[in-house]
1. Stretch Ser40-Ile96 to full length: gain in nm at 0.36 nm per residue minus the Cα-Cα span?
2. How large is the Kirkwood hydrodynamic radius of segment 369-424, counting all unique pairs of alpha carbons, in Å?
3. Between exposed trypsin sites (Lys or Arg not before Pro) in the chain, where DSSP calls loop and at most 11 other Cβ atoms lie within 10 Å, what's the longest gap?
4. Cα axis of helix 95-116 to longest principal axis of the chain: angle in degrees, 0 to 90, nearest 10?
5. Rounding to the nearest 10 and keeping the result within 0 to 90°, find how far the Cα-based axis of helix 348-369 lies from the longest principal axis of the chain.
6. Just to be sure I understand the model, the point goes 7 Å from the Cα along the line to the Cβ. What's the resulting Gln226 to Ala79 distance in nm?
7. Restricting attention to the alpha-carbon atoms of segment 151-213, what are Rg (one decimal) and Dmax (integer), both in Å?
8. Between Trp54 and Arg236, what length comes free when the chain is fully extended (0.36 nm per residue of separation minus the Cα-Cα distance, one decimal in nm)?
Amino acid sequence: MAIDLVTRKVIPIQPVKPAGVKDASEFSLYEKTAKVYPRSVSGPFARLRCLMVWLTQIVFYGLPWLQWNGRQAVLFDLAERRFYVLGLVLHPQDFIYLAVLLIIAALALFFFTAVAGRLWCGYACPQTVYTEIFLWVERHTEGDRQARMRLDSAPWSVRKITRKGAKQLLWIGIALLTGLTFVGYFSSIRGMLLELTSSTFSSWEWFWVLFYGLATYGNAGFLREQICKHMCPYARFQSALIDMDSMVIAYDEQRGESRGSRPRGADPATLGLGDCIDCTLCVQVCPTGIDIRKGLQNECIACAACIDVCDQVMHKMDYPKGLIRYTSGNGIVQQLGARQIIGRISRPRVWIYCSLLLLVCGAFTFSLMTRKSFSVDVIKDRGSLAREVGPGEIENVYRMQIMNGLEEKQRFTISVSGLAGLRISSDTQLAVDAVGIGSLPIRLTLPPEVSALYRGKTLPVVFEVQTSAGSGHESKQEKSTFYVLP
């Protein structure tokens, strides 16, 4: 059916010119993202964030330099396909541990979010940590919030170029150091520095150092809150992890409304006002630029900067602190006390997350403690399943590979069981270098009087590998089959 375009009613949509714009072609239909200028703040939560920045960066920058048994303590050597974590040596087949670690990290995130909201985002997330570092540099080169806003709006001058240039140089230096350190977890950082000083840095090392340096520079220097608002998936599914009893940062609307300015020390009740003086400092210190007075929002990273500044304002006004505080949804609605709020933390979803986390951590720890210092792989010769080497005597050939998981040489002894009279007619000793792989051909022979009983059958056998190196006597069994000619 044809549509009658003449009689069809259409509501025209026309762009409205903002004030001060002469021509509609001079403005965009899309609103430009306003730059956020976080104000500096002091207080207990600010000191806690500063402490977490120091702790996380001491670990990140210092760990690659830590030595263990004459090598880098933490090194994910992709070229050699070995992964060193202190005294633990892992190989590609041990990736199951990485998967379990990721599960533990996810369960821990679920648990802490259900208990106290986005603690990870506010204090330990790399995006938050490096944004704090870059903001610290920005404040020391350009000044605090108002000074930075005036500098950005001022015309270019020698002073502006000097301050902006100093900030950019420091940012680039921190970003390059971060990229070099990150790559140092995958390639020996001491060797990389020697290559750098001798101008033998490989192109791939340059690529990854610059790549991660650029990511740090862009994310922490320019994108900042945009990462948290639009790119981080955690902000989207946090609402599925928290409930009305989860600890979050909240504004006490019942106490704060209605807002309004007043002289210091004035009684808000006589003025018909709440405790909020509408100073907007809670908005000015927010690194994501939100107004916490509008309620919990997915952009809130729980940094608690608004709590610090609001408590300072309440102290100056001689009002009780806690207008913005750590509390819960029910705590605000029902005006619960601290003990009642903490008591409500114990609830089914928290116990489920806690139980799963403890269970996986326990299994992970048990697996590491009972992990053998070597692994064995037996490969049967596919070219000849079996052959007769004497009158009625049957021989099967295998190749045994032993991977030494210790950083010392080990000597292994091989034996076999499963059939009466079955013996190894080849070498039963194998020495494998530290964290190396050894291979040994194994020939199993079955005597005529036994092979005559099992003509044409495939029989199970068990190889046992023993070693006395490392922490003591260890043995490992590996199953295989023995084929008897018909």
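1. 15.7 nm
2. For segment 369-424, inverting the mean 1/r across all distinct Cα pairs yields 14.0 Å.
3. The segment 82-263 is the longest one with no such site.
4. Rounded to the nearest ten degrees, it is 30.
5. 40 degrees
6. Going by the 7 Å Cα→Cβ label model, 3.7 nm.
7. So, for segment 151-213, Rg and Dmax equal 16.0, 47 Å respectively.
8. In short, 62.7 nm is gained.
The values are calculated or read from the model by the stated rules, or taken from the named source; none is laboratory data. Quantities reported herein were computed from a predicted structural model and do not represent experimental measurements. Using ideal geometry, Cβ is built from the backbone for each residue, glycine included, and neighbour counts are taken over all protein chains shown. Surface areas here come from the heavy atoms of the whole protein model, side chains and all, with no ligands, DNA or RNA. Shrake-Rupley method; radii C 1.70, N 1.55, O 1.52, S 1.80 Å.
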